[in-house]
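The values are calculated or read from the model by the stated rules, or taken from the named source; none is laboratory data. Model, not experiment: these values are computed from the prediction. When we count neighbours, we look across all protein chains shown, and the Cβ atoms used for this are built from the backbone with ideal geometry, even at glycine. SASA here: full protein model, heavy atoms, side chains in, ligands and nucleic acids out. Shrake-Rupley method; radii C 1.70, N 1.55, O 1.52, S 1.80 Å.
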Amino acid sequence: MKVAIMQPYFCPYIGYFQLMGAVDRFVLLDNVQYKKGGWFNRNRVLSDGTDKLFSIPVKKQSTYLDVRDRLLAEDSIKVRAAVLESISTLYKGAPQHAQVMPLLQSIFLYETENFFDFVHHSLSQLNRALRIDTPILLSSAVAIDEGLKGQERVIAINKALGADTYINASGGRELYRQEDFAREGIALKFLQPRMSEYEQFGQHFVPWLSIIDVMMFNDTQRISGYLQQFDLV
């Protein structure tokens, strides 16, 4: 069984979804600390030939809270509606605009106070649209020693799920050691995404934006091909 474990990111880039599609079980970390300034609540879209950052407001709370305990800001729905309108304007004229906007409305305007629930819902909706059927499990539901950290925690989750292969994003190469996984009977692989350029309003191609960008310019069949464009190393 192939397993991946990732933090919950909002509308992440296509490599995140390549990883989801490459495994049999995808574990979403809900009992980890929320990190301000990361990709939990923000991403990038296209704006006049360059990238533009957008973010979802999160309520100011203790920095020690797990991501599952964080709440959306009180004015979140108003801000999310404004961000959604901005994205719609930026991508007006994109070939898939009319098809993608109803999906984004169901994501951005989802009614909940809990931030993790908001992101979890968004990933589930995007998976359905991208035809990725990998089950999403929550790390808090996997029975392991809660005191474990880092690599030891990842290995424990893999063992609890009966994994023989752990696939991580390429950025994790400095965090994990293949020999340590091998001692537990688990092969460690890293997914290195490849990305074909596609038309972005006839301008210079800006890679690795939010999946929103990919979906605005490409139909489902073409995206299915993009999801297979990666190397396991």
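The residues listed here are Ile167, Ile223, Ile132, Ile136; of these, the one that is in contact with a Gly (Cβ under 6 Å, 6 or more places away or on another chain), at pLDDT 95 or above and within 27 Å of Asn43 (Cβ to Cβ) is Ile132. Within the range 185-227, the set of residues being touching a residue at least 24 places away in the same chain (Cβ under 8 Å), within 30 Å of Lys159 (Cα to Cα) and either surrounded by fewer than 14 Cβ atoms within 10 Å (Cβ to Cβ) or among the aromatic types (Phe, Trp, Tyr) (or both) comprises Phe190, Arg194. Residue count for the range 29-46 satisfying the condition of being within 21 Å of Ile87 (Cβ to Cβ) and surrounded by fewer than 20 Cβ atoms within 10 Å (Cβ to Cβ): 4. The single condition among (1) loosely packed, with under 14 Cβ neighbours inside 10 Å; (2) farther than 21 Å from Val27 by Cβ; (3) of a type in the set (A, V, I, L, M, F, W, C) that Ala143 does not meet is (2).
When the range 184-198 is filtered for residues that are of a type in the set (D, E, K, R) and within 18 Å of Leu209 (Cβ to Cβ), the ones remaining, listed by number, are Arg194, Glu197. Looking at Arg183, Arg177, Arg173, which is the one that is touching a Phe, Trp or Tyr at 6+ places or on another chain (Cβ under 6 Å), under 28 Å from Val27 (Cβ atoms) and among the charged types (D, E, K, R)? Unique residue meeting the criteria: Arg173.
Here Glu179 meets the list (1) modelled with pLDDT under 95; (2) within 30 Å of Val100 (Cα to Cα); (3) not in a loop (DSSP other than H, G, I, E, B) almost entirely, failing just condition (2). Checked against (1) under 24 Å from Gly172 (Cβ atoms); (2) open to solvent by less than 30 Å² (accessible area, probe 1.4 Å); (3) modelled with pLDDT of 95 or more; (4) touching a helix residue (DSSP H, G or I) at 6+ places or on another chain (Cβ under 6 Å), Tyr16 passes all but condition (4).
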